[in-house]
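Where a number appears in this text, it was derived from the coordinates with a stated rule and is not lab data. Treat the numbers as computed from the prediction; the structure is a model and nothing was measured. Cβ placement follows ideal geometry from the backbone for every residue including glycine, while neighbour counts extend to all protein chains displayed.
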Amino acid sequence: MSTLLVTGSSGLIGSESVTYFDALDWNIHGIDNNMRREFFGEDGDTRWNRDRLKQSCSRFTHHNIDIRDRNAILTFFEQVPVDFVIHAAAQPSHDLAANIPFEDFDVNAVGTLNILEAIRRHRPEAVMCFLSTNKVYGDAPNDVPVEEQETRWDYVRERDKAGIDESCRIDQCLHSLFGASKVAADIMVQEYGRYFGIHTGCFRGGCLTGSNHSAAELHGFLAYVVRATLENREYRVFGYKGKQVRDNIHAYDVCTALHEFYKSPRHGEVYNIGGGRDNSISVLEAIQKAEDCTGRKLHWQYVDENRVGDHICYISNMAKFEAHYPQWSRTRSIDAIFEEMTEGRRKFG
């Protein structure tokens, strides 16, 4: 029987991975110390999700370990025969990182190095998938020409319509400290794959979403729009006339992609992972869709200054992953995602 380790197991991708592989009768260990609450306050608290997994997943064991604790991570890998690692633990906020630079880098970069070295020393045959981010590209995607449409910005040139691919540069641009710490981790994951021959893959996510997101204003775009609409919160739109575009992929579809990589792994490979053009949406369009799904009006205000280094239009080009793993496909449309999140937030509330 195969054994999976999920870091950040109470978060969005982590919890979806636990549920997905539990249904396949894997033994699953989760590492999560609820730092999301420290980062985002009560909105970010993931204990509800941890408790849900403990009750619903028969093969899940939770470990309250901080990935910055090098000795604890090394000891865990020495003692537990792990076959597959999904590394989803992170400080995930583009904006918050500027206020907590040490914590951001220690979690995102040093924590990732701790896990990689533990794999190299104790489980070198294991497969490791790292949840990276499109923020490793910094604001380089903003170099792609865009045009203003009624509700969104969109690419002008036909060759760009499929989105940003993995050839986009990652240096000589503005990242945010979060983007920089994730670049460090991303490159290290690649290096352990190529230098040491470990099976590693970097998955540079667009907006990863789903109903199990503990959404806060600084992280969790779609889920927070729905939450703010249902809970009568004021929502702030930062710059670009609210027409900035993101593509969104459901956490379940991320899990199936990671599973495909596990079944046929590579060394230090890099993939974009996102919803693509079909699942792309602007902030203004997301507000309208949230209002349609919930039957409520969202109270929002516009802040003229955009977030530092923010993308004007970002759509993930998935052609490389789809070519390497042609049996994989997305299963959740943007409409289905909104409907699920609305129903889930109503139950949670």
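Structure above, values below:
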read-out	value
Per DSSP, loop trypsin sites (Lys or Arg not before Pro) in the stretch 128-183 with at most 16 further Cβ within 10 Å	Arg157, Lys161, Arg169
Theoretical gain in end-to-end length, Glu234 to Glu322 [0.36 nm per residue, Cα-Cα removed]	27.8 nm
Net charge of Cβ neighbours under 14 Å - reference Tyr262; Lys, Arg +1; Asp, Glu -1	-1
Close Lys-Lys pairs in the chain, where close means Cα under 27 Å and separation is 8 or more or interchain	24
Centre separation in Å (Cα based) which lies between the stretch 1-56 and the stretch 84-114	17
Ascending count of other beta-carbon atoms within 10 Å, so fewest first, for Val80, Val245	Val80, Val245
Total formal charge among the other residues, if their Cβ is under 15 angstrom from that of Val107, Lys/Arg +1 and Asp/Glu -1	-2
Neighbour-count order for Glu38, Glu16, Glu269, fewest beta carbons within 10 angstrom listed first	Glu38, Glu269, Glu16
Amide H partners (placed H, <5 Å) of His29, local residues excluded	Leu4, Leu5, Val6, Thr61
Qualifying GluC sites (Glu not before Pro) for the stretch 129-208 [loop in DSSP, other Cβ within 10 Å: at most 15]	Glu150
Neighbour net charge for Gly179 - beta-carbon separation under 14 angstrom, K R +1, D E -1	-1
